[in-house]
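Below: the structure, in C-alpha cells.
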Amino acid sequence: MLTLATGIVANIAFYLQLLGWGYLVTNLKGARKPDAHPGSLAIIGTAFLICAGGFFTFWSMSPKSLYVIAIIGLLGAAGYMTQAADLAVLKKIPLTVWFVLAIIVVRVGFSTAGALNAHDDYHGYLVLPQKIQQTGTLAPDFFNERRMGVLGGAAYLQSLYLCFLPLDSITGLDKGVGILLIAGAVLSILPNVIFERKGALILLMCALLDFNSANVTFIYISAALLSLLASEVLSRDDTDISCFQIAIISTGLIAIKNYFIVPVLALLCLYLLKSLYARRISGAYKTVATLFLTLALLSPWLFLSLKSCGTLLFPLTGTGNHGSSYGLLEIANNAHLPMAKYAGYFWKFITMPESLVCCLGLLQLRHCGKNREAIFAWLGVAALLSTAWLIVYKSMFLFRYAESIAGVGALLTILWCFKNGKLRHVAACILILFALKSGRIAGNYKSWCDLQDRRTSFATMQTSMLKMQAAIPSKAPMAIFASHPFLLDFSRNPVHVFDHYGGASPPPGLPPNNEALLKKYLLAQGIRYLAFSYGDHANYGRNRYSSRLLSDGSPYGERVRRLALLNFNFQDMILSLGRSEKIVFDDGSNLVIDLSG
C-alpha cells in the first residue's frame with residue numbers, strides 16, 4: 001500500500017505541476033484567461049512543457065534543470081490554488097461524486113504498474129527519456145526507428161516524470177496523469193456536472209476508460225490535447241481566440257507524434273473556412289499567424305530530428321536516413337504498396353485511433369444531451385476509420401481497438417440518457433462497459449502484483465548492462481542490439497541503439513545480409529564497438545517470433561515478415577562477426593565486439 005500511495009501522490013503532484021505551468025502561461029501578456037477551468041489549464045501546461053522541451057534538448061541544458069522546471073510548476077500550482085481557493089464549493093459536491101473521484105485516484109495509483117512492451121519500449125521508446133535525463137538532449141540515434149516517428153515531445157515529458165517516479169513506473173504518466181487530464185477535459189466542457197449526483201456516472205466512465213495501448217506512447221494525453229484544440233478552434237470566433245495558446249497546443253501534439261500534423265492542419269483549415277464564410281478577415285490573419293508561430297515553436301524538435309534521423313518531418317519532408325519512404329530497408333522499392341508517401345502519412349494517423357476516438361467523444365459531450373444524432377455521428381466516424389483501415393491494409397489488426405469505441409460510446413449514451421431523463425438505460429450501459437473492461441482490470445491488477453518482479457529484473461539487468469558497457473572505453477561510440485539497452489549509462493558513451501534492423505540508418509544504408517559489409521559500414525560511421533545480448537536474442541528470438549515469417553499477403557503482414565527476417569539476419573551477422581573479430585567482453589549472455597581488429 002505504501003507503493004500505491006507513492007504512485008498516487010507522485011501522479012497528483014505531476015498533474016499539479018502541469019496545472020501550475022498552465023496557470024503561468026495563461027497569465028502571460030496577451031494570453032490572459034483568468035476564468036480558465038483548471039482542467040484546461042493542466043492541458044495547456046502539458047503542451048507548454050513539450051514546447052519548452054524542444055529548446056531544452058536543442059541547447060543540451062543540464063539534466064538538473066528538469067527538477068527546477070518541476071519546482072516552478074508546483075509553485076505555479078500553489079499560486080493558482082491561493083488565488084482560486086473557495087472551500088465552500090467543495091461542500092456542494094455530492095458524496096457519490098467524491099466516491100467516484102476516489103476510484104479515479106486509486107486507478108491513477110495502479111497505473112504505475114502498467115505493462116511494458118519488450119521490444120517497442122525496451123529497444124526504442126524508453127531509451128529516449130533516459131538520454132534526456134542523463135545528458136540533457138536526445139542526441140543522434142542513427143538506428144532507432146522510433147526516433148523517426150516521434151519528434152521527442154513525449155520523451156521530454158517522460159523525462160520530467162522520472163523526477164517524480166522511477167523508470168519502472170513510467171506507464172503512470174499516460175495511464176495515470178492522462179486519465180486526470182481526460183477527466184479535466186470532461187469537467188471543462190461540462191463544468192457543472194461535478195455538482196450533480198448524476199455527474200458521478202460521467203466520472204465513472206473516465207475511471208473505467210482503458211484503451212488498448214501497445215507501448216508507452218501517449219494515448220490519453222494526446223486525446224486531451226486534441227480535444228482542447230478542437231474545442232478552442234471550433235467553438236470560438238476570432239474575437240477571443242488566442243494564437244499563442246492554439247500554437248502551443250498544436251506544437252505539443254505534433255511533437256508527441258509527428259503525424260498529428262494531419263488533424264492540426266485540418267482543424268486550422270476548418271477555422272479558416274469558418275472565418276471566411278462569416279467574412280471575418282481577422283480570422284484568416286489569425287490562422288496564418290498561428291501556423292507561423294507553431295512552426296517557430298516546433299523548429300527545435302525539427303532540427304533535432306534532422307540531426308538524428310536526416311529528416312525534418314518523416315515521412316512528409318524526408319525519406320528516412322537510407323532513402324526508404326517508410327524507414328524500412330528495401331520496402332521503398334516495392335511497387336505493390338497501396339499508397340504513396342503522402343497518402344501513407346494520413347493513414348499513419350489512424351493507426352493510433354484511441355486519441356481520435358476519445359477526442360470525438362469529448363467534443364460530442366457538448367451536444368449529446370440535446371439529441372441522439374450526435375452519438376450516432378460519432379460512432380459512424382469511428383466505424384468509418386476502422387473500415388478504411390481494413391480496406392486499405394487488408395488487416396484486422398486495428399479491430400483490437402473496438403472496445404475503445406464501445407467504451408466512449410457507453411460514456412456518450414449514459415450522458416444522453418440522464419440528460420433526457422431515461423435513467424433506466426444507464427445501468428445496462430455500465431454493465432456493458434464493465435464487461436468490456438473486466439479482463440483489462442484483472443490484467444492491471446496482475447501487472448501491479450508483478451511490479452516488484454519487474455523492479456528486481458531491471459536492477460539485475462542494469463548491473464549486467466553496465467558491466468558490459470565498462471568493457472568499452474569511455475566516450476567511445478558504440479552500437480547495441482540488446483534486451484535492455486535503456487539501462488545503459490548514456491552520459492558515458494555515445495550510444496546508438498538498434499531497434500528494428502534497417503528501420504533507420506545513415507546513407508547508404510545497412511546491408512541486408514553480409515557481415516563484412518556490416519563491419520565496413522559501422523566503421524565508416526565511426527562506430528568501433530558492437531554489443532549484443534545473445535542470451536535472449538535481444539528479446540527478439542526465433543523461438544518467439546518465427547511465426548512472423550509467415551505473411552498473410554497483406555501490406556501489413558509483409559511489413560511484419562520483412563522486419564522479422566531482417567532482425568534474424570542481423571543476429572546471425574553479429575554472431576558471425578563474433579567468430580571472426582576480437583571479443584572484448586562476454587559474460588555468457590552479452591558480448592562486445594571490437595570491429596577494428
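The values are calculated or read from the model by the stated rules, or taken from the named source; none is laboratory data. What you see is a predicted model; the values in this text were computed from it and never measured. Positions of Cβ are backbone-derived with ideal geometry, glycine not excepted, and every protein chain shown enters the neighbour counts. We work out accessible area using only protein heavy atoms, side chains counted, and drop any ligands, DNA or RNA first. Shrake-Rupley method; radii C 1.70, N 1.55, O 1.52, S 1.80 Å.
Summary of the geometry: the stretch 504-533 and the stretch 94-154, compared by the centres of their Cα atoms, lie 30 Å apart. Ordered by 1.4 Å accessible area with all protein chains kept, Trp59, Trp301 run largest first as Trp59, Trp301.
Expressed as a fraction of 2.2 N^0.38 Å, the value expected for a compact globular protein of N residues, the C-alpha radius of gyration of the stretch 476-592 is 1.07.
Dividing the Cα radius of gyration of the stretch 127-279 by its Kirkwood radius returns 1.02 for Rg/Rh. Other residues whose C-beta falls under 15 angstrom from the C-beta of Met573 contribute a net charge of +1, scoring Lys and Arg +1 and Asp and Glu -1. For the stretch 483-559, with all protein chains in place and a probe radius of 1.4 Å, 51% of the accessible heavy-atom surface sits on carbon or sulfur. Using the Karplus relation 6.51 cos²θ - 1.76 cosθ + 1.60 with θ = phi - 60°, the per-residue 3J(HN,Hα) values for the stretch 458-471 come to 4, 5, 5, 5, 5, 4, 5, 5, 5, 5, 5, 5, 5, 6 Hz, with x marking Gly and Pro.
Calculated on the alpha-carbon coordinates, the convex hull of the stretch 160-230 measures out at 106 cubic angstrom per residue.
Most tightly packed first, judged by the mean number of other beta-carbon atoms within 10 Å of their residues, the peptides 569-575, 268-274, 131-137 read 131-137, 569-575, 268-274.
Checking a compactness column here: for the stretch 78-214, what do you get for Rg(Cα) / (2.2 N^0.38 Å), N being the number of residues? For the stretch 78-214, the normalised Cα radius of gyration is 1.29. Surface exposure of the stretch 113-158, expressed per residue as accessible area with a 1.4 Å probe, stands at 16 Å². For the peptides 462-471, 241-250, the ranking by packing is 241-250, 462-471, with the highest mean count of neighbouring Cβ atoms within 10 Å listed first.
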